[in-house]
Amino acid sequence: MSAKSTWIRPYGDTENDGKVQLSFSLPLELGALGEEAAKKIALQMGIHDPAVVHAEALSDSFSFYIVYGRSEHQVDISSLHVVEAGHHVMTKEEVEAYIESHFIEPLVFVGASTGTDAHTVGIDAIMNMKGYNGNYGLERYKGIKAYNLGGQVDNEVLLQKAIELKADVILISQTVTQKDVHIENLTQFIELLEAENKRQDFIVIIGGPRIQHGLAKELGYDAGFGPKKYAFDVASFAVERLYSRGVKVKK
Amino acid sequence: MNNKLNLNQETIQSCRKYAKDIADQMQRFIDQHTTVAVERTVLRLLGIDGVDEFGRPLVNAVIDHIVKTGDLSKGISHYMGYAVHDTEETPQEIARRVAAQKFDLSIYTNEGRCPYFGELMPFFERTLARVDAMKNVRSSWIDKTPKKTTPSKYVIVATGNIYEDIKQAISAAKKGADIIAVIRSTGQSLLDYVPFGPTTEGFGGTYATQENFRLMREALDQVSEEEGRYIKLVNYASGLCMPEIAAMGAIERLDMMLNDSLYGIIFRDINPKRTLIDQYFSRVLSSYAEIIINTGEDNYLTTSDAFDHAHTVLASQFINEQFAKKAGMKESLMGLGHAYEIDPNMENSFLYELAQAEMAREIFPHAPLKYMPPTKHMTGDIFKGCVQDALFNITAVSTHQSIHLLGMMTEAIHTPFMSDRAIALNIASYIEKAFKDFGNEMMFNPDGIIVKRAHDVLQHAHELLQEIKDEGLFQALEKGRFAEISRKPEGGKGLSGVFVKHEIYDNPILDALKKRVKEGSHER
């Protein structure tokens, strides 16, 4: 690869044109001043030739803008570091075969949406029979015992249940992320595990629309899964990690 | 209402019969019990408000005091009747002294049936006069508001700060919203008290407090004035304080309240007994105050598959309808819930959604049905999301839904920005206009997919209701009949706040409300 080709810009319809679209609201009534302010904001974001293609009033004191322009910024992709769970992804059938051939007994997964978070869409998508988008959940996996504790589960309760059920893997889902409430809650769970001297007893995985693997590692978890990840992604990671830790492994 | 789907009327009647049996069985249980929330509501209706020096609501202070030192199974009216008679103080003054530990109500525990309820009634009448005044204001506003045949557009605000919520609500009203719902902080349903005063914090919303209700209602009255149409206000009653929040809503003129007989049990793991007892008082109050209730069947479909479990929604609507009737509620106040949640990857998903929405309309012709947008299958692809919402909007308008909760293209990303809501309102207004009379032109192929789908769902709901009638609602909940979530009668939060009524138990305030609802004497 030539040095030049590692630098990229957004693409509209011509290489390097830098074309982007953005939309935002301003705390200003609709008018010439608002449009000018919108353009200025785009310019300061490094958007050249900003065009306000649509503007409308949201109330007497707020207005909305759709802006197109060219991004001045470019990135050198050779300088980027991406943190991914980095495991090889197996299908449901492959995971089941892997468990069959590598482990002496079923693997136990306990999951919940924790803290004040009542949203169970995420944990249900990973754990429930039906799964999501045609991908079955862990309950349907041979060789996995899956317990979905539902929403608004306290960290203390989750840990207690994980101990009771002899969990190998704990799954935590966080959907509400307003004011970073999830960070606080996730940090507290790790602290709890450490205080109880249980961190090494489980693989602990987090998931949610705003979760990335990098964040998970930073907070002390084994892995993090964001949007468009399914039960097989989570299971693939977990079974390989359990194997490498020697948990329930066939001799 | 015409019968485009040619639904079997006998099956529908039979569903209602089963649901009535289910509600009758449960009502016998409800009538034998009271809860801390029911008794706190009595205190609120006697005019007790405010908090003690530790920020604890006075109504909690009084009820906690009786639970600890007296016998709540005799009812708080027993204690307050004696106290008001002896001291000639107002309930508010008595509550203040109880909270400060300067008055011990337990001295009345062993007294016989209280003969002084008559002395409580003037305080209750004062609260009811306020509720009546609010009803009059509402109905005169509704008379002034231009009538329309299309659904009312309902949007949420959820900034977590009541003052920001107000800005967002004003913007939404100016963009054409008819109804504004203020989302509560996640987890409020599990608080066994109602926070006090204006609040500027919370996650995914801010707290339902009486002051927040008042502030938002005041702002919406102002914008109603400017727009020349009444903007309705919604908040959430469901949870451990269901009847208390309903009382606050009645006093501050909320127009709709989320008030489901089963939602808290299934989705918040609140004890089933507690919720079923609480929902009754809460609904009697809503019936009196003419607050439209919203039920939460849509939530079943965010957990279970929307195609396979559509019949659980219908069965639950029948049950909610009967519980509402038990509370004397008019059909025009029963905002039964359902949702557009079928996987968009399914072939003919739009046809099935149309079938289910039309079915609900035909089965509950006078109910202000609450129709919820796609949430489960919104992906973060905002552009596709707009189209998913558009299909939902077309269904809502064409099948004459009443309360049309607008979908947000940024569902699954963040609580809506002001602009997300404006875009949703623009799109919905366009479809409302473009499809205005489309529903009246629409006929269905009698042998086609849509008619068959509606018949199948009704048939399955009928079978499910029969099973629930035979096993009883508590057992049905334990078996996970709804949303595939199992709840035990002795499990969940709030069971310690449930009491079997003592033989001298009385609740003169609930009795008075029931009587007036029944007589319709509260009608203008």
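At a glance:
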item	result
Selected residue (only one of B:Thr206, B:Thr275 is among the polar types (S, T, N, Q), under 30 Å from B:Gln475 (Cα atoms) and crowded, with 22+ Cβ neighbours inside 10 Å)	B:Thr275
Residues of the range B:373-399 satisfying the condition of being more than 16 Å from A:Val121 (Cβ to Cβ) and either outside the structural domain of B:Phe435 (by TED's automatic domain parsing) or among the small types (Gly, Ala, Ser) (or both)	B:Ala390, B:Ala396, B:Ser398
Output for the range B:181-202, where each listed residue is at the interface with chain A (Cβ under 8 Å from one of its Cβ atoms) and surrounded by fewer than 24 Cβ atoms within 10 Å (Cβ to Cβ)	B:Ser185, B:Gly187, B:Leu190
The lone exception for B:Ala95 - which of (1) surrounded by 22 or more Cβ atoms within 10 Å (Cβ to Cβ); (2) modelled with pLDDT under 95 it fails	(2)
B:Val457 over 30 Å from B:Arg113 (Cα atoms), modelled with pLDDT of 95 or more and of a type in the set (Val, Ile, Thr)	yes
Qualifying residue in the range A:35-52 (condition: touching a Phe, Trp or Tyr at 6+ places or on another chain (Cβ under 7 Å), at pLDDT 95 or above and under 17 Å from B:Asp420 (Cα atoms))	no
Selection count where residues are within 14 Å of chain A (Cβ to nearest Cβ) and crowded, with 24+ Cβ neighbours inside 10 Å, scope the range B:341-371	1
Scan of the range A:168-187 for residues that are more than 13 Å from chain B (Cβ to nearest Cβ) and surrounded by fewer than 24 Cβ atoms within 10 Å (Cβ to Cβ), ordered by number	A:Thr187
Subset of the range B:120-172 (residues that are buried (at least 21 other Cβ atoms within 10 Å of the Cβ) and β-branched (Val, Ile, Thr))	B:Val131, B:Thr150, B:Val155, B:Ile156, B:Val157, B:Thr159, B:Ile162, B:Ile166, B:Ile170
Residue satisfying condition, being in a strand (DSSP E or B) and farther than 21 Å from B:Arg40 by Cα, within set B:Lys153, B:Lys148, B:Lys135	B:Lys153
Filter result for A:Asn148 (within 13 Å of another protein chain (Cβ to nearest Cβ) and modelled with pLDDT under 90)	no
Residue count for the range B:138-180, restricted to those that are within 14 Å of chain A (Cβ to nearest Cβ) and farther than 21 Å from B:Thr410 by Cα	1
Index of the failed condition, A:Arg140 passing every other in (1) within 14 Å of chain B (Cβ to nearest Cβ); (2) more than 17 Å from A:Asn185 (Cα to Cα); (3) buried (at least 21 other Cβ atoms within 10 Å of the Cβ)	(3)
Search result, residues across the range A:85-121 that are within 14 Å of another protein chain (Cβ to nearest Cβ) and modelled with pLDDT under 90	A:Gly115, A:Thr116, A:Asp117, A:Ala118, A:His119, A:Thr120, A:Val121
Criterion violated by B:Asn235 - all others in (1) touching a residue at least 60 places away in the same chain (Cβ under 8 Å); (2) farther than 15 Å from B:Val131 by Cβ; (3) outside any loop (DSSP other than H, G, I, E, B) satisfied	(1)
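Residues are listed down the side, and each one gets a yes or a no for (1) within 26 Å of B:Gly380 (Cβ to Cβ); (2) free of Cβ contacts under 8 Å to residues at least 40 places away in the same chain:
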{"position": "A:Tyr141", "(1), (2)": "no, no"}
{"position": "A:Thr177", "(1), (2)": "yes, yes"}
{"position": "A:Val181", "(1), (2)": "yes, no"}
{"position": "A:Ile205", "(1), (2)": "yes, yes"}
{"position": "A:Pro209", "(1), (2)": "yes, no"}
{"position": "A:Val247", "(1), (2)": "no, no"}
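The values are calculated or read from the model by the stated rules, or taken from the named source; none is laboratory data. If you're wondering where the values come from, they're calculated on a predicted model, not measured in any experiment. Every residue, glycine as well, gets a Cβ built from its backbone with ideal geometry; the counts of neighbours run over all protein chains shown.
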